[in-house]
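The values are calculated or read from the model by the stated rules, or taken from the named source; none is laboratory data. Keep in mind that this is a model prediction, so the values were computed, not measured. Don't worry about glycine lacking a Cβ; one is built from the backbone with ideal geometry, like all the others, and counts go over all protein chains shown.
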């Protein structure tokens with residue numbers, strides 16, 4: 001039996017595959033155009049519009065946006081009442097990020113190095129499950145947990161440890177009638193809500209560190225603490241940075257948690273919400289919204305300079 | 001002579017799996033000792049028992065006479081060259097080599113000087129500033145070696161260190177490792193599943209099978225006088241004769257081994273069989289006969305006539321070449 005060296009094209013699929021084989025970039029272009037349009041026009045476009053708005057200013061008397069480029073709006077950010085908001089938000093975001101990193105590490109380490117089979121499934125479920133329920137439900141649940149009559153207050157009263165909570169609530173800056181009206185409560189809820197976003201990238205990074213590397217460190221005479229500092233931490237750092245990008249930027253932009261929990265002090269997200277809504281001051285809202293972007297750029301530049309991505 | 005490493009009735013069980021089962025072992029100081037066996041035979045677990053990454057379920061391990069049962073890895077004066085080298089990707093070559101000195105608290109200048117010394121020893125002087133990812137497999141292997149030697153261990157453990165290298169590089173590294181061991185006078189314990197590597201490099205070796213040592217001895221002992229069928233099979237190239245065939249060829253009814261080099265072809269004999277395979281080796285031809293269902297190889301030196309495939313032949317050998325052994 002003889003057969004031709006070239007098989008006949010059977011249908012459209014065969015012919016299309018042939019076209020893509022002859023022009024590999026055609027397929028790439030077809031696949032990439034829709035997401036690039038979405039990302040480039042809709043997303044980056046609106047970001048550019050935002051940036052442009054922040055250079056406009058508002059007429060104090062008429063409340064009309066003046067479409068002239070000026071730095072006046074940015075100067076307004078530096079007014080004490082506005083600058084306080086920036087400092088408060090960045091401090092909170094930094095504290096939440098640090099706390100999340102500390103809380104997440106043991107969990108991520110256990111999941112990456114020890115959990116197998118069912119335990120691994122239980123880990124993923126445990127970390128992901130809170131993400132399945134509504135964000136608002138979780139925040140309101142926390143309001144009840146943290147309230148004076150809530151379970152924490154109740155447990156503290158029964159164990160005669162209410163003085164610990166009262167002590168914490170009398171620290172300057174953390175004052176409140178209960179945890180749910182103190183910045184401490186805001187901090188705790190932020191930590192809870194964003195923790196999965198720190199655990200998952202951390203776990204992925206730790207999973208890539210081969211066991212033999214830890215053994216090599218011990219073999220060469222390193223104590224556990226030295227191995228942690230000189231091997232595990234540098235190798236897990238890209239994951240920690242990835243997680244901190246989530247926790248940091250999510251905290252910077254959130255406007256619901258500080259509204260429901262805490263002492264109603266303004267955060268960047270709340271300021272943006274109020275300025276673009278009730279106050280109608282779009283330029284100042286835009287200027288506020290640019291701040292987190294700048295902070296993240298600075299943060300990533302510093303992380304890169306410090307060699308956080310060398311192990312990638 | 002002091003024993004560098006001593007196992008007394010050492011076992012390591014993982015649940016029902018007896019990875020290492022009641023092993024007795026003495027490794028002489030300054031020797032090049034190989035642990036040979038198929039994967040899962042317990043050789044790597046034995047190495048990890050010496051380095052401290054595994055704890056024995058039973059028995060005693062002594063390193064230079066000292067019981068190390070309760071000594072963690074970082075306090076044992078032995079170092080390991082890992083199978084995957086386990087170089088730290090975020091450190092350059094110099095800092096990798098100096099790592100052991102850094103964790104001991106040696107100053108930067110002193111440890112870098114010592115690291116350069118070790119890099120010179122493995123002929124990688126100019127590579128200190130590179131990252132491990134920028135090196136070839138053979139170079140990484142040398143860095144791992146330098147890093148393990150920088151602490152001046154009393155025993156160097158090597159876990160299949162040449163497994164990832166190509167043949168030519170592997171042979172070159174075998175010579176270099178051997179030379180290095182002579183130069184330093186250190187005890188090397190080497191794990192491999194490659195019988196040629198074990199036979200050509202070791203002063204003495206242990207053949208592992210299913211968690212136990214099947215035989216321990218010099219390469220000549222193991223090759224010429226395998227203690228069991230398993231050793232003869234695994235160390236390879238020797239013919240393994242079942243009892244019936246041994247008796248038919250004029251020996252007692254026991255399992256026996258017969259080296260192809262000691263086997264000649266004959267026109268007639270008590271057992272005849274067809275030639276089933278020929279393999280030209282350059283220095284000679286390996287001729288395989290099928291005798292009573294068993295394949296028996298004979299080595300025909302270059303220049304002598306080689307029978308064609310399919311023809312019938314017999315074998316002949318000196319009585320002394322037949323080595324009797326246990327059935328296990």
### Query
Scanning for something in contact (Cβ under 8 Å) with a residue 40 or more places away in the chain, farther than 24 Å from residue B:96 by Cα and more than 14 Å from chain B (Cβ to nearest Cβ), does region A:158-178 turn up at least one residue?
yes
### Those residues of region B:161-185 which are surrounded by fewer than 17 Cβ atoms within 10 Å (Cβ to Cβ), touching a residue at least 60 places away in the same chain (Cβ under 8 Å) and in a loop (DSSP other than H, G, I, E, B), in sequence order
B:163, B:164, B:185
#### Entry: Residues within region A:248-277 that are within 17 Å of residue A:188 (Cα to Cα) and in a helix (DSSP H, G or I), tallied
10
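Out of the helices (runs of 4 or more DSSP H) lying entirely within region B:186-285, which hold 2 or more residues that are in contact (Cβ under 8 Å) with a residue 12 or more places away in the chain, buried (at least 17 other Cβ atoms within 10 Å of the Cβ) and within 15 Å of the chain's Cα centre (by Cα)?
Details: elements: B:195-201, B:219-224, B:229-235, B:243-248.
Here the list reads B:195-201, B:219-224, B:229-235.
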### Query
Within region A:278-312, can you find the residues that are assigned to a loop (DSSP other than H, G, I, E, B), in contact (Cβ under 8 Å) with a residue 24 or more places away in the chain and more than 14 Å from every other protein chain (Cβ to nearest Cβ)?
A:280, A:281
### Message
Residue under question is residue B:313, and the condition is that it be part of a strand (DSSP E or B) and surrounded by fewer than 16 Cβ atoms within 10 Å (Cβ to Cβ); does it hold?
### Response
no
### Task
Please identify the pairs in which a residue from region A:62-83 that is free of Cβ contacts under 8 Å to residues at least 60 places away in the same chain has its Cβ atom under 8 Å from the Cβ atom of a residue that is outside any loop (DSSP other than H, G, I, E, B), counting only partners at least 6 apart or on another chain.
A:64/A:58; A:66/A:57; A:66/A:58; A:68/A:57; A:70/A:57; A:72/A:57; A:83/A:77
### Query
Which ones in region B:46-96 are without any contact (Cβ under 8 Å) to a residue 60 or more places away in the chain, away from chain A (no Cβ under 11 Å) and surrounded by 16 or more Cβ atoms within 10 Å (Cβ to Cβ)?
B:49, B:56, B:59, B:61, B:62, B:68, B:93, B:94
### Query
Among (1) modelled with pLDDT under 95; (2) closer than 30 Å to residue B:219 by Cβ; (3) touching a strand residue (DSSP E or B) at 6+ places or on another chain (Cβ under 8 Å), where does residue B:85 come up short?
(3)
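Using the structure shown, decide if residue B:140 is free of Cβ contacts under 8 Å to residues at least 24 places away in the same chain and either in contact with a helix residue (DSSP H, G or I) (Cβ under 6 Å, 6 or more places away or on another chain) or part of a helix (DSSP H, G or I) (or both). Spell out the reasoning first.
Working: free of Cβ contacts under 8 Å to residues at least 24 places away in the same chain: no; either in contact with a helix residue (DSSP H, G or I) (Cβ under 6 Å, 6 or more places away or on another chain) or part of a helix (DSSP H, G or I) (or both): yes.
Against the criterion (free of Cβ contacts under 8 Å to residues at least 24 places away in the same chain and either in contact with a helix residue (DSSP H, G or I) (Cβ under 6 Å, 6 or more places away or on another chain) or part of a helix (DSSP H, G or I) (or both)), residue B:140 does not qualify.
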### Query
Listed residues B:252, B:274, B:219; which is more than 18 Å from residue B:320 (Cα to Cα) and outside the structural domain of residue B:37 (by TED's automatic domain parsing)?
B:274
### Message
Quick check on residue A:185: is it touching a helix residue (DSSP H, G or I) at 6+ places or on another chain (Cβ under 8 Å), under 24 Å from residue A:265 (Cβ atoms), part of a helix (DSSP H, G or I) and away from chain B (no Cβ under 14 Å)?
### Response
yes
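State all residues of region A:197-214 that are touching a residue at least 24 places away in the same chain (Cβ under 8 Å) and surrounded by fewer than 19 Cβ atoms within 10 Å (Cβ to Cβ); if no residue qualifies, say none.
Residues of region A:197-214 touching a residue at least 24 places away in the same chain (Cβ under 8 Å): A:197-209, A:211.
Those that are touching a residue at least 24 places away in the same chain (Cβ under 8 Å) and surrounded by fewer than 19 Cβ atoms within 10 Å (Cβ to Cβ): A:204, A:207, A:208, A:211.
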### Message
Yes or no: region B:21-44 includes at least one residue that is surrounded by 15 or more Cβ atoms within 10 Å (Cβ to Cβ) and within 14 Å of chain A (Cβ to nearest Cβ).
### Response
yes
### Message
For region A:2-21, which positions are touching a helix residue (DSSP H, G or I) at 6+ places or on another chain (Cβ under 9 Å) and assigned to a loop (DSSP other than H, G, I, E, B)?
### Response
A:7, A:8, A:9
### Query
If we keep just the residues of region A:215-249 that are within 8 Å of chain B (Cβ to nearest Cβ) and within 30 Å of the chain's Cα centre (by Cα), which is surrounded by the most Cβ atoms within 10 Å (Cβ to Cβ)?
A:231
### Message
Residue under question is residue A:122, and the condition is that it be on the phi < 0 side of the Ramachandran plot and modelled with pLDDT under 95; does it hold?
### Response
yes
